[in-house]
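One structure is given below, encoded as structure tokens.
The values are calculated or read from the model by the stated rules, or taken from the named source; none is laboratory data. Since we're looking at a predicted model, the values are computed, not measured. Virtual Cβ from ideal backbone geometry, glycine too; neighbours counted across all protein chains shown. These area figures cover heavy atoms from the full protein model, side chains too; ligands, DNA and RNA do not enter into them. Shrake-Rupley method; radii C 1.70, N 1.55, O 1.52, S 1.80 Å.
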Amino acid sequence: MGNNTEQEEEFLLNHSQNSTKGGLKTIPFIIVNESCERLASFGLQPNMIIYITKFYNMNAASASVLINLWSAISNVLSILGAFISDSYIGRFRAVAIGTISSLIGMLVLWLTTIFPQLRPLPCGQHQHDCNGTTAPQLAAILCSFGLISIGAGFVRPCSIALGADQLENKENLDNERLIDSYFNWFYASVGVSIVLAVTVIVYIQDHFGWQVGFGVPALLMVLSVSVFLIGSPHYIKAKPEGSLFTGLFQVAVAAFRKRHINVQLNYNDDCYYRTPESKLLEPSTDFRCLNRACIIEDPHMELKPDGKASDPWSLCSVEQVKIMKCFLTVLPMWSTGIMLLVSFSQPLSIYQLLTVDRHITHQFEIPAGSFGTITVLSLTIWIAFYDRALVPLLSRYTGLPTGISPFSRMGTGLFLGIVATALSALTETIRRNKAVNAGFEDDPNAVLNMSSMWFVPQLALYGVAEALNAVGQIEFIYSLFPKTMSSFAAALYTFGLALANLINSLLVSMVDGITSARGNTSWLATNINRGHLDYYCWLMTFLCVINFLYFLAVCRFTDQHHHDGRSCLFPEAEEEHSVNKRFHGA
């Protein structure tokens with residue numbers, strides 16, 4: 001018995017006794033690759049607005065718009081990267097292309113610190129006005145941003161799935177515990193990488209300059225590429241099988257092509273196209289116009305001899321139509337969380353922190369770009385506290401295994417986001433008044449007699465708000481979709497981040513343009529002592545309140561499809577719900 005157990009464990013850990021590829025031996029290569037990419041790219045973001053405004057002569061508002069667009073493109077490309085990987089090139093090639101692209105992008109960015117020709121002359125040198133950025137100089141910085149975004153778009157959605165491919169073993173169903181452990185370690189490594197990025201990398205930039213500060217991320221990407229390629233001979237390189245996103249487009253196209261069909265007529269079950277393993281006999285009555293996509297008009301033309309659809313863009317299964325309806329049901333609730341993400345991104349927050357006392361001791365000063373760690377830590381601590389302490393307590397009173405319903409978690413997160421945004425407005429009002437009273441209205445570099453700890457409560461509240469809203473939203477999506485569609489939650493969240501960045505860019509551009517009209521000082525002026533960032537924060541608070549009212553309206557609409565976190569669209573989703581939660585909870 002003991003020998004059999006040892007053999008089974010060895011079989012489990014190495015994917016197959018007869019296989020030299022895959023297994024645990026490949027996981028360190030994949031985790032190191034992802035960790036280095038996160039550490040390098042996230043280490044660039046906190047101080048990037050300072051680099052752009054200082055060396056490319058942009059005002060703070062324009063630099064904020066550029067950085068938000070950069071983040072938006074990176075998040076959108078994550079969805080595109082997952083689609084291309086699943087449909088065409090496979091995960092291994094996607095991660096390889098992404099890693100090399102990020103390396104080249106960071107090398108280009110590092111070169112802008114080495115060669116002065118890649119940057120405009122600083123303000124005040126050789127002429128009174130600031131020198132404009134030439135087309136080649138702008139192309140260099142934008143090229144680096146673009147290559148880094150392409151890299152993130154391929155690596156982040158595909159790296160975790162590539163690791164799961166190495167442990168996938170259909171011959172041994174007990175393999176699930178190993179994959180679950182892998183997910184936990186993978187997300188733990190990502191969290192550690194982000195914390196190190198906004199502390200160590202930012203500290204290096206502040207104390208050793210931009211050449212070293214941008215050179216270290218470039219070296220990390222060299223390590224990332226090297227480690228990933230060294231492990232290449234040992235990887236299982238699964239072939240692309242098609243993306244679930246394709247199915248959504250197919251339903252929309254097929255329904256449009258068959259728009260002449262009258263869906264009000266009563267069709268029998270044989271008129272609907274179903275896969276052999278289907279448990280659904282006919283589509284539901286909600287979003288009835290989509291039912292056209294699964295109606296068989298001419299069996300001889302639309303079905304092959306084996307019963308499969310001849311053209312998936314003209315005939316879809318009942319399951320595909322159901323998934324599309326789930327997607328449309330989720331969209332309104334998903335959209336309520338976008339404004340919370342927008343409120344996190346205060347455009348000039350790093351300038352606020354540069355004007356206050358950030359010393360912990362006389363010798364040690366916290367870098368301004370490292371304060372984002374507070375939000376990450378509060379999010380992590382809250383999730384652990386809620387899961388281990390509050391859930392068992394709340395479950396006794398609510399009867400729900402998750403403590404409170406996903407709706408309650410999302411709503412509480414949105415409310416705390418309003419409080420955090422209002423608190424940020426009050427803090428900025430106090431900071432600006434101190435600057436004006438001290439006579440620093442024309443000196444944005446002056447350090448006030450004000451502790452940076454004033455900013456800790458709002459940053460911590462943002463972390464708790466994000467934990468409640470994002471996890472509640474993912475919980476809600478998982479409870480609606482079947483297990484095969486669980487990856488949609490992460491994809492939707494990523495797309496939400498992209499939209500939040502775009503909305504933030506639009507708001508910043510509009511506010512800067514309107515408030516600086518007729519020669520007035522912009523609310524978002526680079527000299528924040530003359531601007532009114534506090535007014536902008538109050539505007540964001542008002543928009544968050546409107547969004548909260550929108551959330552309440554969506555709750556009433558969604559409640560007819562969703563009760564107590566259970567699905568009424570897919571019967572099997574309720575059975576898989578607890579498995580999904582554990583599998584993706586990390």
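Among the residues making up segment 234-268, those that are of a type outside the set (A, V, I, L, M), at pLDDT 85 or above and within 19 Å of Cys158 (Cβ to Cβ) are His234, Tyr235, Lys237.
If you go through segment 350-374 and keep only what is part of a helix (DSSP H, G or I), closer than 15 Å to Met453 by Cβ and of a type outside the set (A, V, I, L, M), you end up with Gln352, Ser370, Phe371, Thr373. I'm trying to understand the selection: among the residues of segment 69-92, which are among the β-branched types (Val, Ile, Thr) and either open to solvent by less than 10 Å² (accessible area, probe 1.4 Å) or at pLDDT 90 or above (or both)? Correct list: Ile73 only. Among the residues of segment 192-205, those identified as of a type outside the set (Phe, Trp, Tyr) and crowded, with 17+ Cβ neighbours inside 10 Å are Ser193, Ile194, Val195, Leu196, Ala197, Val198, Thr199, Ile201, Val202, Ile204, Gln205.
Among the residues making up segment 47-68, those that are over 20 Å from Leu497 (Cβ atoms), under 24 Å from the mean Cα position of the chain (by Cα) and open to solvent by 10 Å² or more (accessible area, probe 1.4 Å) are Ile50, Ser62. From the list Ser181, Ser159, Ser101, Ser149, the one residue that fits, being open to solvent by less than 70 Å² (accessible area, probe 1.4 Å), of a type in the set (S, T, N, Q), touching a helix residue (DSSP H, G or I) at 6+ places or on another chain (Cβ under 6 Å) and at pLDDT below 90, is Ser159. Thr380 falls short of the stated requirement of being assigned to a helix (DSSP H, G or I) and open to solvent by less than 20 Å² (accessible area, probe 1.4 Å). For segment 277-286, the criterion of being under 24 Å from Ser87 (Cα atoms) and touching a residue at least 40 places away in the same chain (Cβ under 8 Å) is met by at least one residue.
Taken over segment 532-546, the residue count meeting the criterion of being open to solvent by 20 Å² or more (accessible area, probe 1.4 Å) and in a helix (DSSP H, G or I) is 7. Among the criteria (1) touching a strand residue (DSSP E or B) at 6+ places or on another chain (Cβ under 9 Å); (2) over 22 Å from Ile474 (Cβ atoms), the one Tyr351 does not fulfil is (1). Each residue in segment 199-217 was checked for being more than 12 Å from Thr113 (Cβ to Cβ) and among the polar types (S, T, N, Q), and 1 of them qualify. The lone criterion from (1) more than 24 Å from Arg38 (Cα to Cα); (2) in a helix (DSSP H, G or I) left unmet by Met58 is number (2). Please indicate, with yes or no, whether at least one residue in segment 320-328 is part of a loop (DSSP other than H, G, I, E, B) and surrounded by 13 or more Cβ atoms within 10 Å (Cβ to Cβ). No: zero hits.
Within segment 214-270, the set of residues being basic (Lys, Arg) and either farther than 20 Å from Pro283 by Cβ or without any contact (Cβ under 8 Å) to a residue 24 or more places away in the chain (or both) comprises Lys237, Lys239. Residue pairs whose Cβ atoms lie under 7 Å apart, sitting 6 or more positions apart in sequence or on different chains, and linking a residue in segment 409-422 that is within 15 Å of Thr375 (Cα to Cα) to a partner that is assigned to a helix (DSSP H, G or I) and polar (S, T, N, Q), are Gly413/Asn469; Gly417/Ser343; Ala420/Gln458; Thr421/Ser343; Thr421/Thr541.
Comparison of Gly417, Gly472 shows that the only residue that is open to solvent by less than 10 Å² (accessible area, probe 1.4 Å) and modelled with pLDDT under 90 is Gly472.
Taking the condition under 30 Å from Leu66 (Cβ atoms), at pLDDT below 90, among the hydrophobic types (A, V, I, L, M, F, W, C) and open to solvent by less than 40 Å² (accessible area, probe 1.4 Å), does Leu353 pass? Here the answer is no, as Leu353 does not meet what is asked. For Gly247, the criteria (1) closer than 30 Å to Ile100 by Cβ; (2) within 26 Å of the chain's Cα centre (by Cα) hold in every case but one, which is (1). Given the condition over 24 Å from Tyr203 (Cα atoms), touching a Leu at 6+ places or on another chain (Cβ under 6 Å) and not basic (Lys, Arg), answer yes or no: does some residue in segment 371-394 qualify? Taking every residue of segment 371-394 in turn, none turns out to be over 24 Å from Tyr203 (Cα atoms), touching a Leu at 6+ places or on another chain (Cβ under 6 Å) and not basic (Lys, Arg).
Criterion first (over 31 Å from the mean Cα position of the chain (by Cα), crowded, with 19+ Cβ neighbours inside 10 Å and at pLDDT 90 or above) does Asn529 satisfy it? It is true that Asn529 is over 31 Å from the mean Cα position of the chain (by Cα), crowded, with 19+ Cβ neighbours inside 10 Å and at pLDDT 90 or above.
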